[in-house]
Amino acid sequence: MNKKRCLSAAAEIRKLAITAMESAGFGHVGGSMSVCDALAVLYEEIMNIDPLNPEKEDRDRLVLSKGHCGPALYAALAYKGFFPKSELLTLNANGTRLPSHCDRLKTVGIDISTGSLGQGLSLGSGVAMGNKMKGLNSYTYVIVGDGELQEGQNWEAVQFIAHRCLSNLVILVDNNKRQLDGYTEQVCRQFDIKAKFEAFGLFAIEVNGHDVESIFNGISKAKSSGMPAAVILETEKGHGCSFAEIPGFNHYMVFDRGMAEQARREIDRRLEVSLRDDLQ
Ligand SMILES: Cc1ncc(C[n+]2csc(CCOP(=O)(O)OP(=O)(O)O)c2C)c(N)n1
Ligand SMILES: [Mg+2]
């Protein structure tokens, strides 16, 4: 993998997501930031997609089951050229093609509509099953939140995924330890997420969800296991956005241009540091 390119992509996706939410004046900053590094690796290094042919049949699919983090996915799609970056400024505005939550009928590059938590894995398993039946060489990646995993429908889907041996499906858990109104541990403990997936017969691996190399290696191992797989991304809610890296409530934030500008400057500075460290 090209680490430098992934680091730059992650920084750009973070900045674009902040810019999109800045235009609305608010947004799901915490969960959007925690998933940016995974989106960078997926779209830059892993997924077979073509922005010039977004409907090609054998493309890889992405289901952002935590659909409230649409701005992060829109940022990744704009970064890849699915639509102009300037369109990000229409986030959530009347008549926009970029609603706050993902809508496959509105946005080019979105494969599945999401926002009602708990359903993306079931939908993704149907997509993976259909593609397997068609004999397509295509992977389906489903990103779920750790709070979202409290919903029982997920585990029904995991059972189905194991039963049908859907080795063309990779679940990515954004384990940012927080949900809407607090720490997941306090709201409803997840216990050992990896052990739970393994108990259903999946290959499971934990990786540092803010380290592009670890993410890449984790997804590669998941794919080469030949089994349905889960990659648990150990992340921090709000990661990389200075005003969201706080211990209190950072799920949904109202912020102004000054805060956004400061955050973008900080992202540039951190990117410079990581690129320099990487050269040493
Ligand atoms: C079925 C359903 N119930 C409630 C909500 C409201 N809601 C939006 S985000 C959220 C918290 C999600 O937490 P988590 O899955 O951990 O996501 P993240 O931390 O990545 O934002 C909730 C309860 C929803 N979107 N769908
Ligand atoms: Mg969470």
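Rounded to the nearest whole Hz, the Karplus-based 3J(HN,Hα) values (6.51 cos²θ - 1.76 cosθ + 1.60, θ = phi - 60°) of the range 238-244 follow the sequence x, 3, x, 10, 3, 6, 9, with x at glycine and proline. Fewest neighbouring Cβ atoms within 10 Å first, the residues Phe249, Phe160 line up as Phe249, Phe160.
Across the range 1-120, the convex hull enclosing all Cα atoms gives 99 Å³ per residue.
Structural descriptor for the range 3-279: relative contact order 23 percent, calculated from alpha carbon pairs under 8 angstrom and at least 6 residues apart. By the count of other C-beta atoms within 10 Å, a proxy for reagent exposure, Ser34, Ser167 are ordered fewest to most as Ser167, Ser34.
Largest GNM mean-square fluctuation across Gly201, Gly81, Gly258, computed for the chain with C-alpha springs under 10 Å, falls on Gly258.
When the chain is treated as a Gaussian network with alpha carbon springs shorter than 10 Å, the biggest mean-square fluctuation among Leu180, Leu91, Leu16 belongs to Leu180. Decide, for the range 3-279, between rounded, prolate and oblate: order the square roots of the alpha carbon gyration tensor eigenvalues as a ≥ b ≥ c, take rounded if a/c falls under 1.5, and otherwise choose prolate if a/b is larger than b/c, else oblate. Verdict is rounded for the range 3-279. By other beta-carbon atoms within 10 Å, ranking Cys188, Cys102, Cys36 with the fewest at the front produces Cys188, Cys102, Cys36. Rounded to the nearest 20 debye, the dipole magnitude of the chain is 440 debye, with +1 charges on Lys and Arg beta carbons, -1 on Asp and Glu beta carbons, and the Cα centre as origin.
Listed values for the range 172-186 are Karplus-derived 3J(HN,Hα) couplings in whole Hz (6.51 cos²θ - 1.76 cosθ + 1.60, θ = phi - 60°), namely 10, 9, 7, 7, 8, 6, 9, 10, 4, 10, x, 7, 3, 4, 8, and x replaces Gly and Pro.
A simple charge model with +1 on the Cβ of Lys and Arg, -1 on the Cβ of Asp and Glu and nothing else charged puts the dipole of the range 152-211 at about 120 debye relative to its Cα centre.
Helices meeting the span-like rule in the chain (full DSSP H runs, Cα extent of at least 20 Å along the helix axis, mean Kyte-Doolittle score of -0.5 or higher): 3-24. Within the same chain, aspartates and glutamates fewer than 8 places from Lys132 are excluded, and of the rest, those with a Cα less than 14 Å from its Cα are Glu57, Asp58, Asp60. Close amide H partners of Leu169, meaning residues 5 or more places away or on another chain with modelled amide H under 5 Å apart, are Thr140, Ala229. Between Asn94, Asn175, Asn217, the residue with the greatest mean-square fluctuation in the GNM of the chain (Cα pairs under 10 Å linked by springs) is Asn94. Give Lys80/Lys223; Lys177/Lys223; Lys15/Lys80 a once-over and call out the pairs whose C-alpha atoms are over 19 Å from each other. Too far apart for the 19 Å limit: Lys80/Lys223; Lys177/Lys223. In the chain, helices alone account for a calculated mean residue ellipticity at 222 nm of -13000 deg cm²/dmol, with every DSSP H run of four or more residues adding -39,500 (n - 2.57).
We did not get these values from a lab; they are worked out from the coordinates using the rules stated. For clarity, every value in this text was computed on a predicted model and none was experimentally measured. Virtual Cβ from ideal backbone geometry, glycine too; neighbours counted across all protein chains shown.
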